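Colleague: Handing you a structure now.
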Amino acid sequence: MVTDPWILSNVEWETADTFTLCLQPRDGMHSFAFAPGQFNMLYVFGVGEVPISICSSPSAGGEVLHTTRKVGTVTRAMGSLGIGDCIGVRGPFGSSWPLDEARGKDVLIVAGGIGLAPLRPAIYAILNNRSDYGRVVLLYGTRTQEDLLYQEEIQQWRSRFDLDIYVTVDRATGRWCGNVGVVPQLIQRAPIDPHKSIVMICGPEIMMRYCMPELKKRGISDSRIYVSLERNMKCAVGHCGHCQLGPEFVCKDGPVFSYERVAGLLNIKEL
Amino acid sequence: MKKLLELLANNPAFAELNPQLRDALVSCASECSFNAGEVIFTTGDPANEFFFIDAGSVQLTAHSPQKGPLHIQTLAHGDVLGWSWIFPPYTWHFDATAIEDTTAIKLDGRCVRGKCEQNFEFGYQLHRCFSQIMLERLLATRLQLLDLYGDEGGGGV
């Protein structure tokens with residue numbers, strides 16, 4: 001629950017409005033363990049605190065990375081911080097992607113927009129133990145090519161022979177010659193065995209909702225689909241109730257849920 | 001035409017088409033291929049066929065005098081290309097161009113329309129299949145219009 005002061009060691013701008021903060025513990029010696037899918041509460045002193053997913057490799061020591069977009073007061077303030085500035089860090093919090101359950105199975109990773117960030121540690125973990133998994137497929141959609149995150153890294157992943165990547169954009173701009181269309185349409189193309197697959201999805205909730213019928217058409221049951229949800233998290237430990245979704249606290253019970261567990265809650269507008 | 005039967009069986013929209021109706025469709029089919037960059041059809045031209053894409057990919061574009069071709073959608077293995085052959089005036093609404101070397105099964109639209117007129121059961125079933133495809137394309141278009149990844153769009157914590 002206590003905020004530790006960390007130092008901003010680098011800021012990488014991924015797109016015009018999205019950036020990755022590289023943070024190091026101020027004492028430099030502090031070890032930080034987390035599971036893919038978990039998040040930290042990042043505090044810009046004097047401005048406010050927000051939940052941001054960790055997007056670095058769980059096995060890489062040293063810097064801890066968080067990718068976020070300038071959408072509110074706190075993230076705008078984060079975007080104007082400089083190297084050497086201090087940020088408060090609480091965490092890690094929440095549940096993680098089902099990497100153990102996915103062992104021996106095909107893994108379908110579906111990301112939309114900035115939703116790729118919480119999935120990136122899972123991709124690192126899978127690639128670090130590649131032989132433990134079957135086919136691994138990443139479907140990634142963004143608004144335009146200018147909004148693609150981690151472009152160099154995606155190019156590197158594409159050069160591997162053990163990871164299938166399909167990228168799509170909603171609108172073709174500039175010299176884009178890749179796929180145009182929405183992410184749910186890519187699901188039918190994913191070369192996985194639907195009967196032995198685990199699916200991990202993160203993106204806007206509407207996108208996730210429209211992925212579900214496509215996954216059902218492939219014969220993938222709700223119990224093998226995992227989603228990462230976004231709600232108004234404040235305390236991050238299930239006390240304040242701001243992120244409550246029916247009987248679930250997204251900060252404590254999530255953000256990663258089995259779709260089977262939350263399917264009935266996502267269509268209730270009052271929640 | 002084993003390839004077409006395979007594509008029909010694997011396409012969720014056509015999976016429930018009964019074997020006799022599938023055979024009727026096969027009798028209007030032929031194989032075709034397009035080189036990368038080859039124009040498959042052009043806006044305003046007569047639409048007398050449709051395609052099941054087997055391999056490769058095709059881009060649907062609309063032409064703007066100011067911006068040139070605007071890429072609307074990409075179609076690939078298993079997708080159906082073209083529905084303008086169903087409705088009068090039977091002319092294409094968009095341009096289609098092969099992005100890479102592409103193989104497809106071409107269905108003769110006049111042949112299929114004739115069978116629909118002769119056999120209403122066939123016509124009903126086939127229109128159900130195409131309605132499903134149109135519904136999926138309409139949903140996808142609405143998702144694109146929603147601008148999901150904009151400022152209001154989420155995507156994880």
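Colleague: Considering A:Asp162, A:Asp193, which residue is more than 11 Å from chain B (Cβ to nearest Cβ), open to solvent by 20 Å² or more (accessible area, probe 1.4 Å) and in contact with a helix residue (DSSP H, G or I) (Cβ under 6 Å, 6 or more places away or on another chain)?
Modeller: On the way: A:Asp193 fails: in contact with a helix residue (DSSP H, G or I) (Cβ under 6 Å, 6 or more places away or on another chain).
None of the others qualify; the one that does is A:Asp162.
Colleague: I'm told A:Gly94 meets every condition in (1) farther than 24 Å from A:Arg26 by Cα; (2) within 14 Å of chain B (Cβ to nearest Cβ) except one. Can you identify the failing condition by its number?
Modeller: (1)
Residue-wise test of (1) in a helix (DSSP H, G or I); (2) closer than 17 Å to A:Tyr140 by Cα; (3) of a type outside the set (A, V, I, L, M).
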{"site": "A:Trp157", "(1), (2), (3)": "yes, yes, yes"}
{"site": "A:Ile165", "(1), (2), (3)": "no, yes, no"}
{"site": "A:Thr168", "(1), (2), (3)": "no, yes, yes"}
{"site": "A:Leu186", "(1), (2), (3)": "yes, yes, no"}
{"site": "A:His195", "(1), (2), (3)": "yes, no, yes"}
{"site": "A:Cys211", "(1), (2), (3)": "yes, yes, yes"}
{"site": "A:Lys216", "(1), (2), (3)": "yes, no, yes"}
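Colleague: Sticking with this structure for a sec: Yes or no: segment A:224-241 includes at least one residue that is at the interface with chain B (Cβ under 10 Å from one of its Cβ atoms) and of a type in the set (S, T, N, Q).
Modeller: Yes, there is a match, as at least one residue in segment A:224-241 is at the interface with chain B (Cβ under 10 Å from one of its Cβ atoms) and of a type in the set (S, T, N, Q).
Colleague: OK, next. Going through segment B:78-90 one residue at a time, which ones are of a type outside the set (A, V, I, L, M), surrounded by 16 or more Cβ atoms within 10 Å (Cβ to Cβ) and either in contact with a Gly (Cβ under 8 Å, 6 or more places away or on another chain) or away from chain A (no Cβ under 11 Å) (or both)?
Modeller: Selection gives B:Gly82, B:Trp83, B:Ser84, B:Trp85.
Colleague: Evaluate segment B:66-73: report whether one residue or more is open to solvent by less than 10 Å² (accessible area, probe 1.4 Å) and within 11 Å of another protein chain (Cβ to nearest Cβ).
Modeller: No, the conditions are met nowhere in segment B:66-73.
Colleague: Report yes if A:Glu152 is among the acidic types (Asp, Glu), open to solvent by 10 Å² or more (accessible area, probe 1.4 Å) and within 14 Å of chain B (Cβ to nearest Cβ), otherwise no.
Modeller: When the stated conditions are applied, A:Glu152 does not pass them.
Colleague: Moving on to the next point. Can you name the number of the only condition in (1) surrounded by 14 or more Cβ atoms within 10 Å (Cβ to Cβ); (2) farther than 30 Å from A:Cys243 by Cβ that B:Leu146 fails?
Modeller: Every condition holds for B:Leu146 apart from (2).
Residue-wise test of (1) under 21 Å from B:Arg142 (Cβ atoms); (2) outside any strand (DSSP E or B); (3) modelled with pLDDT of 95 or more.
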{"position": "B:Ile40", "(1), (2), (3)": "no, no, yes"}
{"position": "B:Gln59", "(1), (2), (3)": "yes, no, yes"}
{"position": "B:His63", "(1), (2), (3)": "no, no, no"}
{"position": "B:Ile72", "(1), (2), (3)": "yes, no, no"}
{"position": "B:Pro88", "(1), (2), (3)": "no, yes, no"}
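Colleague: Scan segment B:100-114 and tell me whether some residue there is within 12 Å of chain A (Cβ to nearest Cβ) and of a type in the set (Asp, Glu).
Modeller: Yes: segment B:100-114 contains one or more residues that are within 12 Å of chain A (Cβ to nearest Cβ) and of a type in the set (Asp, Glu).
The values are calculated or read from the model by the stated rules, or taken from the named source; none is laboratory data. These numbers were taken from a predicted model, which means no experiment stands behind them. Cβ: placed from backbone, ideal geometry, glycine included. Neighbour counts: every protein chain shown. Protein only, heavy atoms only, side chains kept; ligands, DNA and RNA dropped before computing areas. Shrake-Rupley method; radii C 1.70, N 1.55, O 1.52, S 1.80 Å.
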